[in-house]
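Engineer: Input: one structure, supplied below.
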Amino acid sequence: MRALRLGTSWGGLLSGPLAWAISTQLNYALVPWQCNRQVPVVLPTALVLALLSLLGGVLSWRAKRQGGAAFKPERTRGTEQFVADLGILAALFFSLVIVMQGCAALILDECLR
């Protein structure tokens, strides 16, 4: 609970790549299912996973905003701030990648072989 309240500096570094990896694997797995049933699931799945990535970025942002309250030594504070900045950027980048891959479902027909 404390991590959700204060945030974790590495939240975006973990959630962004993890959501992207899951999105990539689900895109390959869900396309045949989507083709057979004609139910669009790739884009909604991508949007949910992009949101998951952004939530990790929010955790990194909260940790950065807490600043000195959560980190005691000066040396650790600078490192944690850097990791939080990196986590925010990674979460944003991977969210963009996930959405762009999901938008391919709007352009390409899932039944093309």
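The values are calculated or read from the model by the stated rules, or taken from the named source; none is laboratory data. Computed from a prediction, not measured in an experiment: that's the story for all the values here. All Cβ positions, glycine included, derive from the backbone under ideal geometry; neighbour counts span all protein chains shown.
Engineer: Restricting attention to segment 51-66, does a residue exist that is at pLDDT below 85 and either out of contact with any Cys (no Cβ under 6 Å at 6 or more places or on another chain) or loosely packed, with under 14 Cβ neighbours inside 10 Å (or both)?
Structural biologist: Yes; the residues of segment 51-66 include at least one that is at pLDDT below 85 and either out of contact with any Cys (no Cβ under 6 Å at 6 or more places or on another chain) or loosely packed, with under 14 Cβ neighbours inside 10 Å (or both).
Engineer: Restricting segment 29-48 to residues that are touching a Gly at 6+ places or on another chain (Cβ under 9 Å) and not aliphatic (A, V, I, L, M), which is surrounded by the fewest Cβ atoms within 10 Å (Cβ to Cβ)?
Structural biologist: Pro44
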